[in-house]
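Down below is the structure, laid out as structure tokens.
The values are calculated or read from the model by the stated rules, or taken from the named source; none is laboratory data. It should be emphasised that the depicted structure is a prediction, and the values quoted were computed from it without experimental measurement. FYI the Cβ positions are ideal-geometry reconstructions off the backbone, even for glycines, and counts take in every protein chain you see.
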Amino acid sequence: MTDLATLRATARTGALRRAAPALCGYAAVRALGLLVLALWSAARGKSAYTLLTARWDSLWYARVAGGGYGYEVRLPSGDVHADLAFFPLLPWLERLGAAVGPLSYADAGFAVSLLASLAAAWGIFAVADHVYDRRAGICAVLLWAVLPVGIVQSMAYSESLFTALAAWALYCVLTGRWVGAGALALLAGLTRPVGLAVAAAVWTAAVLSLLRERRAAAPLTPAPAPGPGRRVLGMLLAPLGAAGYVLWVGHRTGGGPLGYLDVQAGWRNGFDGGYAFARFVGEKFTAFPSALAGAGLIVGVALVVWLYVTGVRQGQPPALLVYSGIVTALALCASSYFGSKPRLLLPAFPLLLPLALALARLRASRAALLTGGIALASAVYGAFWLNGSGPP
């Protein structure tokens, strides 16, 4: 037992050492983003920390952490904004953080996001390193860090927490750790509605794995694969988080299994296949210079689609394709909060893998210069974005 524990500790240390360049690069990019945000906010007489922890969705999470569910706002339009729209894992962690230390719920949410963002960066590295190589893993992490909406990774929002759980669940899938994958998918399902994408990835990989083994039926293998029991257990665990919360909301509201959809409808949020978003983009072309914004949105959507198709052509594992496909579809085809779509795409990190491979082929000096320039531009955009009037 002692030898086994020593081997495991050594393996963890080796994995951390292998990921260290990616994590240090990620921390540097995020530090730059926070510094630029602090300077920009100070120049405008605002608090950067307030923008990160006590505005928009952060307030809803902290309110759930402090008083549980049951708060709602009725707008003059008749819409009802209920806190049941927000999944519970982040508020639970905020409550835990406030209970064990001298932190407010907002402080705890910020701490969770900082730690979760590092865990997410490590998970993204682990996935890309496993599928491709170490250099691609480092580049994937840096690209995720320098996204224009990367500042959200440091906010008291649930994106970093969800991405960390999703990335490590996918890594567990890729390495055959089925129970771990199911447990992490369960937690991801308690974090955001799009947790079903993680569960779908677990199910897809498990089913394909079972089918491959059945077709092969090879009597001699170098190391016998584990039986189907762990895979089935992982599959059973994966959807429990999202399904459990949705069913609980339906029971609490009296709306039945679809009660959560009624809660989302109160926020004027739903899934319409992208019709409302397409109409929103089309309306941009009725005047100038808003037409430039419309053209930019079209280019952005085309880039997302191109990255997904490129991932398919490059042979990304099915679990990654299913996960990023569902996250992308739910983000682009939601019927409201058009300005938040880039943020909703943040967890779809497999979309960045084709770019990571291209960046990894460059000379180290060129890659560093390019990444540094994008990081600075992202930091400036993030500061401008958060100091605006609307929510990210």
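Here are a few things to note about the model shown:
- Restricting segment 79-132 to residues that are closer than 24 Å to Leu351 by Cβ and among the polar types (S, T, N, Q), the residue that is farthest from the chain's Cα centre (by Cα): Ser113
- Single residue of Phe87, Phe125 found to be of a type outside the set (Lys, Arg), in contact with a helix residue (DSSP H, G or I) (Cβ under 7 Å, 6 or more places away or on another chain) and assigned to a loop (DSSP other than H, G, I, E, B): Phe87
- Here the condition is being small (Gly, Ala, Ser), under 30 Å from Gln316 (Cα atoms) and touching a residue at least 24 places away in the same chain (Cβ under 8 Å); of Gly109, Gly150, it holds for Gly150 alone.
- Test: residue in segment 218-231 that is within 30 Å of Leu90 (Cβ to Cβ) and at pLDDT 90 or above: yes
- Taking segment 173-193 as the range and being buried (at least 24 other Cβ atoms within 10 Å of the Cβ) and not β-branched (Val, Ile, Thr) as the test, the residues that pass are Trp178, Ala181, Gly182, Leu184, Ala185, Leu186, Ala188, Gly189, Arg192.
- Residues located in segment 345-362, provided they are free of Cβ contacts under 8 Å to residues at least 24 places away in the same chain and among the hydrophobic types (A, V, I, L, M, F, W, C): Ala358, Leu362
- Which listed residue is part of a helix (DSSP H, G or I), without any contact (Cβ under 8 Å) to a residue 60 or more places away in the chain and among the hydroxyl-bearing types (Ser, Thr, Tyr), from Ser365, Ser378: Ser365
- Residue match in segment 315-322 (condition: modelled with pLDDT of 95 or more, in a helix (DSSP H, G or I) and over 18 Å from Ile124 (Cα atoms)): no
Matching residues to (1) among the hydrophobic types (A, V, I, L, M, F, W, C); (2) surrounded by 13 or more Cβ atoms within 10 Å (Cβ to Cβ); (3) at pLDDT 95 or above; (4) not in a helix (DSSP H, G or I):
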residue: Ala5; (1), (2), (3), (4): yes, no, no, no
residue: Ala11; (1), (2), (3), (4): yes, no, no, no
residue: Ala19; (1), (2), (3), (4): yes, yes, yes, no
residue: Ala31; (1), (2), (3), (4): yes, no, yes, no
residue: Leu35; (1), (2), (3), (4): yes, yes, yes, no
residue: Leu52; (1), (2), (3), (4): yes, yes, yes, no
residue: Ala62; (1), (2), (3), (4): yes, yes, yes, no
residue: Ala65; (1), (2), (3), (4): yes, yes, yes, no
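- Each residue in segment 272-318 was checked for being over 29 Å from Gly176 (Cα atoms) and polar (S, T, N, Q), and 2 of them qualify.
- Residue count for segment 70-117, restricted to those that are touching a strand residue (DSSP E or B) at 6+ places or on another chain (Cβ under 9 Å) and under 23 Å from Ala185 (Cα atoms): 2
- Among the candidates Ala243, Ala319, Ala334, residue that is under 21 Å from Ala197 (Cα atoms), surrounded by 15 or more Cβ atoms within 10 Å (Cβ to Cβ) and either without any contact (Cβ under 8 Å) to a residue 60 or more places away in the chain or out of contact with any helix residue (DSSP H, G or I) (no Cβ under 9 Å at 6 or more places or on another chain) (or both): Ala243
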